[in-house]
Structure formats: structure tokens, C-alpha cells
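Q: The structure under discussion is supplied below as C-alpha cells; questions concerning it will follow.
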Amino acid sequence: MSKEVYFEKEGIKLLNGDCLEIMPFLEKESVDLIFADPPYRLSNGGITCKAGQIARVDKGYWDKSQGFDEDFKFTYNWIKLCQELLKPKGTIWISGTPHSIFQAGYALQSLGFKIMNEITWYKPNAPPNLSCRYFAHAHESIIWAKKTEEAKHTFNYKLMKEWDDKISPSGKQMRSIWSIPLTPLNEKKHGRHPTQKPLELLRRIILSSSNKGDLILDPFLGSGTTGVIAKRFNRKFVGIEIEREFCDLALRRIQKE
């Protein structure tokens, strides 16, 4: 079992290994906020549009479905471990598509979490559906949940209300549909990850539901976007990533902050 500390300095810790093996060794009830972008299990021979061309969906072995029961077992187990790490007032954000998000929602409710919002991340520049047999996929869902029904969670309401005139015109409340383009090329200059999230998406998530000095955990670190925003806005951060090459990428991005 690998519990390797890949990097640790100034409130940032990156761990290289399987989150199911690492999280049991982290301090219980120590985390204020979790953002998780788990495998969507899409790499099973389908096709997608990449740079205007048909391409096979093959993100990596970690994205291949093991069948419904095994996929759900994995989802339930990592969410349960996250539950043990969250402070009583802590919250969790989980991203997904129809292939994975409903399993995550069911697991959360089974474990006693209170789902507060389902954010629709609308992608105005999403690629077309080349099979022409479905509507084009133009959004992802992000569930925001707190540990218990009674928990007094952090929500920086005023900041979100005043976020941006284009998002919250005339000081209206921010809605649960967020129009954010796909990750731009200038955010991939240090390397590429097949599921990299845009900085603006994590900026809203982290600033809306955490405060300076809070500890943020990302059990599926990927390209390190969560860590970049945590560092930029003075949060402590722990990221777990199974692939060493993506630890390298995440560290390059975080160090630039």
C-alpha cells in the first residue's frame, strides 16, 4: 500500500496513491471542505469529439467501468471515507455526468448526508454529439451536500450574491446554473489531464463554502485545479492522486501560485 507523501510545504500536501488506501490514515474530522471529481466510468469503447474529429473515449484504466455493482461499491466506499474526514460542519462537492452522479447522490443519502444543491455546470462551448443519436451533452452536475441535516455549514452568501454582474445581475442571488466554458488552453500550459476542470468552477466552489485557513481535500487530484485555487485564496490543501505523472502536473501548477 502506498501512502507516499509526494510533496508537503506551506499548508499544501500531495499524496501519491489510491484514495481508498490513503484516506483511512488521515485525521478524522479534520477537513472543512471536500471537492471530488471521481472517475465517471466512460472509457468503455465509446466515441467523442476531440479537436473536431471522432476519437475513442479512453481516459485511462481508472475510468473503465467494472460493472454497476462494483462501480457503486467504489462510490459508496470513497464517500464513506470522506464522511469520516469531514468536520461536523463540513461539506462535500461531487461532480459527475448521468453515468455517475446518480450513484453518488444515492450513496450520499444512504450515508445520512443532506443534499443542499445540485449545480448545473453549463458548457456554452461543449463539443457536438457526433453519433447524431442523442442530444449533445452540454453540462455536468455537481452535488453540494453537508454531513448531517442539522449541521450549520459555511455559505458565503453575500459574496456569491455580489459575485459578478453578469452572473448575479443587480445583486440577485446566484442561481444553480453556472455557465462556464470548457477549460481554456492557457490553463493547460503545464500539461494536460483528460478531465481537467476550469479554474472558475473551483473558484466559485471554494470561495462559496470555505474560509481562509480552512482545510480542503481533493481525493482525485488530477491536474490540481482544486489545489491551485486553495493556494491562491489562502486555504490549506490535501490532494490524493493515483497517477504519479498527474502529481507532477498538479505540483507544477500549484508551485506557480
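No value in this document is a laboratory result; all are computed from the given coordinates. This one's a predicted model, so the numbers in the text were calculated from it and none came from an experiment. Reconstructed Cβ throughout: ideal geometry from the backbone, glycine too, with neighbour counts over all protein chains shown.
Q: Could you give every pair whose Cβ atoms fall below 7 Å, whose first residue belongs to the range 171-198 and is assigned to a helix (DSSP H, G or I), and whose second residue is surrounded by 15 or more Cβ atoms within 10 Å (Cβ to Cβ) and charged (D, E, K, R), counting only separations of at least 6 or pairs across chains?
A: The qualifying pairs do not exist here.
Q: Looking at the range 89-96, is at least one residue surrounded by 14 or more Cβ atoms within 10 Å (Cβ to Cβ) and not in a strand (DSSP E or B)?
A: No; the residues of the range 89-96 include none that is surrounded by 14 or more Cβ atoms within 10 Å (Cβ to Cβ) and not in a strand (DSSP E or B).
Q: While we're looking at this one, here's another question. Just checking, does the range 194-207 include any residue being closer than 24 Å to residue 81 by Cα and loosely packed, with under 15 Cβ neighbours inside 10 Å?
A: no
Q: Do we find a residue being among the aromatic types (Phe, Trp, Tyr) and within 18 Å of the chain's Cα centre (by Cα) anywhere in the range 91-98?
A: Yes, some residue in the range 91-98 is among the aromatic types (Phe, Trp, Tyr) and within 18 Å of the chain's Cα centre (by Cα).
Q: Please go through the range 129-154 and give me each residue that is closer than 29 Å to residue 184 by Cβ, in contact with a strand residue (DSSP E or B) (Cβ under 6 Å, 6 or more places away or on another chain) and outside any strand (DSSP E or B), ordered by number.
A: 130
Q: Okay, next question. Step by step: first the residues of the range 226-257, then only those that are β-branched (Val, Ile, Thr) and in contact with an Asp or Glu (Cβ under 8 Å, 6 or more places away or on another chain), then the one that is nearest to residue 40 (Cα to Cα). Which residue is that?
A: Per the stated criteria, the residue is 242.
Q: Looking at residue 119, is it farther than 20 Å from residue 21 by Cα, aliphatic (A, V, I, L, M) and outside any helix (DSSP H, G or I)?
A: yes
Q: Condition first: surrounded by fewer than 24 Cβ atoms within 10 Å (Cβ to Cβ), part of a strand (DSSP E or B) and either touching a Pro at 6+ places or on another chain (Cβ under 7 Å) or not basic (Lys, Arg) (or both). Now tell me which residues in the range 208-236 satisfy that.
A: 215 - this is the single residue of the range 208-236 that is surrounded by fewer than 24 Cβ atoms within 10 Å (Cβ to Cβ), part of a strand (DSSP E or B) and either touching a Pro at 6+ places or on another chain (Cβ under 7 Å) or not basic (Lys, Arg) (or both).
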